[in-house]
Amino acid sequence: MDQGMSSDWANLPKHLLDSVVETLVLPSHYVPFSLVCKSWYSVAKDNIRKHERMTAPMLLIYSGKKDYWNVFNKATNKILDFQVRVPNKRLCGSSKGWLLYLDRNDVDKNFGITLVNPFFRVKGRRERSNSLIRLPPLMPPGWENWLTSSYTLENYVFKATISADPISNPEDCIVMVTHMDRLELAFIRLGKDTTWTYMDGSDNIVPGCRMIQEVIYVEQTFYAVGYFNELLSFDVTSQSYSKIHVIVPEDKPIIGQVKRYIFEGEGKKLFMVQRYTDYVEVEEGFHDRVTKKFRVFELNSAKGEWVEKNSLGDIAVFVGDNSSISVLPSNLSGCQSDCIYFNHDRDHVACLLPPHDFGAYNVPEKSFLQAYPAHVDKLMKRSLQLPIWVIPTLYFEL
């Protein structure tokens, strides 16, 4: 190309580069963009937070082939042309672009949690050495009693999350799990702890911290929502964990099957979603779980109570076995504002496969929507593992 006709790529206007960044989805696209030149790197780094909020999570659907999963992009409503490699294990969480799965050591028979970054393990591409992070054994008091049943193995860890990315921010990475029959909490600080800390109330810091359904991390504080709609907060960045504060006290129990999710919405406000399910007989002796409705609540921290809302605002929420994800869908053609996209996730009392309880719920209209194209719907119903949402991790200084 003649030098006089060549483009001055380094001096393209920022608004043009911003528009290009918004079209990028995978780290395999995003990182090369940042390496073009110094100005492109600056634009990429400035937009990383915005990009995360504008990127719909990907849905991983087990392919049926050992350890390989299809990747469905909700923003385009298409399955991507590659697969990721994730061990065919019980996935108990998805957070900050990482999956967490439960494993069992065949030698000493104990249980462990492993972190895996699926987008470091794309089929046919070179795999990064740090795509797997194995944690010390999770052995709370009474764990030996769980060795005799495959059912209890599946429910040994109900849900797991992390506070920070273990590669880009390892000093602040804390793994938090809800485990065993009483859904108690345990945590471990990556690179700092050699054993788990079990928040079972034995130290009198938080007696009765049980039946926790989800935990999130917002601005250096963990928030946990329980079976009775109680909201707790605590800090574990110090040498041990701080006294747990009750932000919303326990409420009267709700009759029926109700799952609770919490997430950060617009303006750093905390929201809780209640998911009402039931079991419907599809043929004699066989029942399917069906989601009947959702209710949305916003935290009024001054009064210490949940306030029911008829709208989520200009956000979409993705719930399931993943840590609940909220995104701004304004520029995402495949997502709708004021909608809850839900997966068939694991019950504490039962897990029925193949998955079938998934879809989308319009909050203000209180109606269900078709969330997936027909071929994706069929693929999910044939899966032998529960699908899970995950947002691709974006890295710099690689």
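The values are calculated or read from the model by the stated rules, or taken from the named source; none is laboratory data. Keep in mind that this is a model prediction, so the values were computed, not measured. Neighbour counts run over all protein chains shown; Cβ positions are idealised from the backbone, glycine included.
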Output for Cβ contacts, cut-off 8 Å, separation at least six or different chains, first residue part of a loop (DSSP other than H, G, I, E, B) in segment 75-87, second of a type in the set (D, E, K, R), reads VAL86/ASP67; VAL86/ARG121; PRO87/ASP67; PRO87/ASP103
Within segment 243-296, the residues that are free of Cβ contacts under 8 Å to residues at least 12 places away in the same chain and either surrounded by 19 or more Cβ atoms within 10 Å (Cβ to Cβ) or touching an Asp or Glu at 6+ places or on another chain (Cβ under 6 Å) (or both) are VAL280, VAL282
Here the residues within segment 256-308 that are at pLDDT 90 or above, basic (Lys, Arg) and under 23 Å from the mean Cα position of the chain (by Cα) are LYS259, ARG260, LYS269, ARG275, LYS292, LYS293, ARG295
When segment 85-119 is checked residue by residue, the ones that are among the β-branched types (Val, Ile, Thr) and surrounded by fewer than 24 Cβ atoms within 10 Å (Cβ to Cβ) are VAL86, VAL107, THR114, VAL116
When you scan segment 94-106, do you find a residue that is modelled with pLDDT under 75 and farther than 20 Å from ARG346 by Cβ, even just one? yes
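Looking only at residues that are assigned to a helix (DSSP H, G or I) and among the hydrophobic types (A, V, I, L, M, F, W, C) in segment 143-176, which one is modelled with the highest pLDDT? Explain how you work it out, then say what you get.
Initial filter on segment 143-176 (assigned to a helix (DSSP H, G or I)): 143-146, 150-154, 170-172.
Checking which are among the hydrophobic types (A, V, I, L, M, F, W, C) leaves us with 143, 146, 153.
On the way: TRP143: 74, TRP146: 67, LEU153: 64.
Checking each candidate, the answer is TRP143.
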- Message: Residue under question is THR195, and the condition is that it be in a loop (DSSP other than H, G, I, E, B), of a type in the set (Val, Ile, Thr) and either modelled with pLDDT of 85 or more or in contact with an Asp or Glu (Cβ under 6 Å, 6 or more places away or on another chain) (or both); does it hold?
- Response: yes
Checked segment 374-390 for anything modelled with pLDDT of 90 or more and either crowded, with 16+ Cβ neighbours inside 10 Å or of a type outside the set (Gly, Ala, Ser) (or both); matches are HIS375, VAL376, ASP377, LYS378, LEU379, MET380, LEU386, PRO387, ILE388, TRP389, VAL390
